[in-house]
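The next block holds one structure in the form of structure tokens; read it before the comments.
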Amino acid sequence: MHAYEKVTKSWVSHGEADTAALAEYFANLAKPGTILALDGDLGAGKTKFSQGFAAALGVKGVVNSPTFTLIKEYEGRLPLYHMDVYRISQDEAEDLGLDEYFEGRGVSLVEWASIIPGLLPEERLNLRIEHTGGEGRIIHCEGVGTPYAQWIAALPESALMMTQPGAGQGESKKDGELEDGKA
């Protein structure tokens, strides 16, 4: 097991447009082999994030959660492999060969990723959406390894900051640091 750099930051979303802005940020950085591990309670906004991500990749048509089909493939700037592993176990996921997608020529976006931790590559982007009431969400972002840690380090803390000068220049928390940035 390698010791990869980890950088975490929480993103404040005041509604679907903010969540879509975050999804677009990551979609613009995506390259073949990108892994997004997406978690959150039912109704937290995982599918809305996925839809925003797909739209930013140039996917045409309806993107919905593949809850009963497990995986849907879409074509855009890069192929998108949208997985929902809510209804399967780690062993079932291994038997289905989902891990083969992680080394493919596209982007793998896995909803309920915490169900299959042993199957996911160590280097990945972990996103956990927390519902804060109404339209509000906090999206906890963790970049593990290169380039994901760099993506999080450059991420502003809200959509509003994306349009302000110096956006993304704020403090991020590296592995082992407390919320105030101190170890």
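Summing +1 for each Lys or Arg and -1 for each Asp or Glu among the other residues whose beta-carbon sits under 13 angstrom from that of L22 gives +1. Taking the Cα centre of the range 1-96 as origin and assigning +1 to Lys and Arg Cβ atoms and -1 to Asp and Glu Cβ atoms, the resulting dipole is close to 380 debye.
Between the listed residues G143, V107, V59, the Cα displaced farthest toward the positive end of the dipole of the range 21-146, a dipole computed from Cβ unit charges relative to the Cα centre, is found at V59. Net charge of the neighbourhood of Y86, taken over other residues with C-beta under 13 Å away and scored Lys/Arg +1, Asp/Glu -1, is -3.
In units of the compact-protein estimate 2.2 N^0.38 Å, the range 1-63 shows a Cα radius of gyration of 1.23. Taking amide H atoms as placed 1.01 Å from N in the peptide plane, the amide H of G40 lies under 5 Å from those of W112, I129, each 5 or more residues away in sequence or on another chain. Note: relative contact order over the range 1-96, using C-alpha pairs below 8 Å and six or more positions apart, is 21 percent. Here the range 39-137 carries DSSP beta bridges of which approximately 45% are antiparallel, counting only pairs with both residues inside.
Per residue, the range 62-123 exposes 50 Å² of accessible surface when a 1.4 Å probe is rolled over the protein heavy atoms with every protein chain present. Of the peptides 31-40, 131-140, 107-116, the order by per-residue mean of other Cβ atoms within 10 Å, starting with the highest, comes out as 107-116, 31-40, 131-140.
The values are calculated or read from the model by the stated rules, or taken from the named source; none is laboratory data. Everything numeric in this text was worked out from a predicted model, so none of it was measured. Methodologically, a virtual Cβ is constructed for each residue, glycine included, from the backbone with ideal geometry; neighbour enumeration extends over all protein chains shown. Note: areas computed on protein heavy atoms with side chains; ligands, DNA, RNA excluded. Shrake-Rupley method; radii C 1.70, N 1.55, O 1.52, S 1.80 Å.
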